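The values are calculated or read from the model by the stated rules, or taken from the named source; none is laboratory data. Predicted, not measured: the structure shown is a model, and the values here were computed from it. Cβ sites come from the backbone with ideal geometry, for glycine too, and all protein chains shown count toward neighbours.
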Amino acid sequence: MAEIGKYNQLKVAKEVEFGVYLNDEEHGEILLPRRYVPEQCSVGDELEVFIYLDSEQRIIATTEKPFAQAGEFAYLEVVSVSAAGAFLNWGLMKDLLLPYREQRSEVKEGEKVFVYVYLDMESKRLVASSKIDKHIDNLPAYYQPGDDADAIVWAKTDLGYKVIMENLYSGILYKNEVFEDLQVGQSVQVFVKKIRDDEKIDLALYKPGYEKVDDSAHQVLKYLKAHDGFMPFHDKSPAEGIQSVFGMSKKTFKKALGALYKSKLVELVDGGVKLNG
């Protein structure tokens, strides 16, 4: 059974001049327009397609990839505003509606808004909502301290950054523990520090233990993380190269490296330093 607003694996039932029809038990034959049909596609082939509703509310398939499917969050640009609400560019030919009733505040053409994409059961339309809190799971989180998760930044606050983990739970990264400028809509890997008594989740960008090192060490960690966990710099590297890359003296670099090594966050290898884990 094909799910509207999701990726589905469907078989090609027949070919016509304007595309192919895909077979689905519930909805019958679903059109995949010719411009989206892969080369050398044949009857009986199974295709991964995204199912949505066209401008006439007919079920249709595409091999294009939207920026988010139903049940996911995304940071999308407003392309127009009408009496029905705002329309967002989500990577498909048909824009995504953000109804007025689902707007946390008024939006304008050209700005970006963080939204949740879902299938409205009453209208049977795929729509967006910027009222994020009502779409976050309020069930107890199953994470343990040290667990990692994929997340997306959805708001900046005085405390730091609110993120959504695995499209389900909200957590917070405290600004005094974040040593880079995060942007709304940015995907990040986070680590659970603790689940508070109020069931809110405190997070970090680094594994437990990283909070014990200072800013210069975090800068080195950031470099390692951005370069697949390895750097060709060590305590014998020329001071000029260290200054050029890290913007710090060799003395400060060696102190940072020592702190990381003592905390067992890095190890010395041939030709440089490797991030543990």
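Here are a few things to note about the model shown:
- Of the residues examined, SER55 is not one that is small (Gly, Ala, Ser) and under 22 Å from GLY185 (Cβ atoms).
- Hits in the stretch 204-226 (condition: at pLDDT 80 or above and touching a strand residue (DSSP E or B) at 6+ places or on another chain (Cβ under 9 Å)): ALA204, LEU205, VAL220, LEU221, TYR223, LEU224, LYS225
To keep it simple, each residue is scored yes or no on (1) within 29 Å of VAL163 (Cα to Cα); (2) among the basic types (Lys, Arg).
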{"residue": "TYR36", "(1), (2)": "no, no"}
{"residue": "THR62", "(1), (2)": "no, no"}
{"residue": "LYS65", "(1), (2)": "yes, yes"}
{"residue": "PHE73", "(1), (2)": "yes, no"}
{"residue": "TRP90", "(1), (2)": "yes, no"}
{"residue": "ARG101", "(1), (2)": "yes, yes"}
{"residue": "ARG104", "(1), (2)": "yes, yes"}
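- Residues being at pLDDT below 95 and in a strand (DSSP E or B) - total across the stretch 106-117: 0
- For the criterion of being in the same structural domain as TYR174 (by TED's automatic domain parsing) and not β-branched (Val, Ile, Thr), TRP154 passes.
- Pair list, Cβ under 8 Å, 6 or more apart: the stretch 1-16 residue within 29 Å of TYR118 (Cβ to Cβ) and without any contact (Cβ under 8 Å) to a residue 24 or more places away in the chain, other residue surrounded by 13 or more Cβ atoms within 10 Å (Cβ to Cβ) and of a type in the set (Phe, Trp, Tyr): none
- Here VAL117 meets the list (1) touching an Asp or Glu at 6+ places or on another chain (Cβ under 7 Å); (2) over 23 Å from PRO33 (Cβ atoms); (3) touching a residue at least 60 places away in the same chain (Cβ under 8 Å) almost entirely, failing just condition (2).
- Residues located in the stretch 105-114, provided they are of a type in the set (D, E, K, R) and loosely packed, with under 15 Cβ neighbours inside 10 Å: GLU106, LYS108, GLU109, GLU111
- Number of positions in the stretch 73-90 that are under 30 Å from VAL20 (Cα atoms) and either among the aromatic types (Phe, Trp, Tyr) or modelled with pLDDT under 95 (or both): 2
- Those strands (runs of 3 or more DSSP E) of the stretch 170-277 in which at least 3 residues are surrounded by fewer than 17 Cβ atoms within 10 Å (Cβ to Cβ) and not basic (Lys, Arg), considering only elements entirely within it, cover 266-269.
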